[in-house]
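> I'd like to ask some things about the structure below.
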Amino acid sequence: MRQNLFDLIDTTGDLAIEAVAARLLAAAAISVFIFISYRLSHSGSVYSSKFNVSLVTLTLITTTVMIVIGNNIALSLGMVGALSIVRFRTAIKDSRDTVYIFWTIVVGICCGAGDYLVAAFGSALIFIVLLLFGRIRNDSRMLLIIRTVRSNEEKVEALIFRYYAKRANLRVKNTTEDSVEFIYELRKKWLDARDRKDKRIVDAVYEIGDIEYFNIVAQNDEVSS
């Protein structure tokens, strides 16, 4: 009984050098596919060349780990224990980056286990999905910032409601003893609002008087690196 248990734990699952090379080459080929997909689906400041190279490396690392583990139960348990104490603190600038990380790990697992068809067909389908929908962005949001004296507080609120109604969401309202600052969030298409007399919102705000500034700031998914 003891000998059978030892034999079970000591299973090494060694592979020939040709099989190891084939699995690593397959992982490398698909990782290049992932590299191209990431480059095509990202643009501007969201794209990170270092992160893209890391995806290729992560695929090869995962494949290597799967080759080493093989059928060895002891190594599998040790790897689970090692991963449970590792904490990744890499900043994710785009939610799609998480998808690419999981993609590389799955490809590494498939190639390390020798399931090339699963890795290839799965990657082809993911590539098509990301190519079709990868450039979708949230609508640009605009922040309307107005700073004026405290005596104009109700006038500004009434004016914004008259022009935008419920389309302008009050996000921040900073007040001091002498001044008040409003920060409204609204969609880009509602930015240049006009009343029935075709008077622009900026002109109407400044007609109130004692306006310190009227700023418009764009807010979108792009994050500076």
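The values are calculated or read from the model by the stated rules, or taken from the named source; none is laboratory data. In this text, all values refer to a predicted model and were calculated from it rather than measured experimentally. FYI the Cβ positions are ideal-geometry reconstructions off the backbone, even for glycines, and counts take in every protein chain you see.
> Hey, can you tell me all the residues within region 107-125 that are among the aliphatic types (A, V, I, L, M) and surrounded by fewer than 15 Cβ atoms within 10 Å (Cβ to Cβ)?
117, 124, 125
> All but one of (1) part of a helix (DSSP H, G or I); (2) modelled with pLDDT under 85 hold for residue 32, so report the exception by its number.
(2)
> Something else about it: Taking strands (runs of 3 or more DSSP E) that do not extend beyond region 138-225, which have at least 2 residues that are among the basic types (Lys, Arg) and modelled with pLDDT of 85 or more?
Because the criterion is at least 2 residues that are among the basic types (Lys, Arg) and modelled with pLDDT of 85 or more, the strands (runs of 3 or more DSSP E) in region 138-225 that meet it are 169-175.
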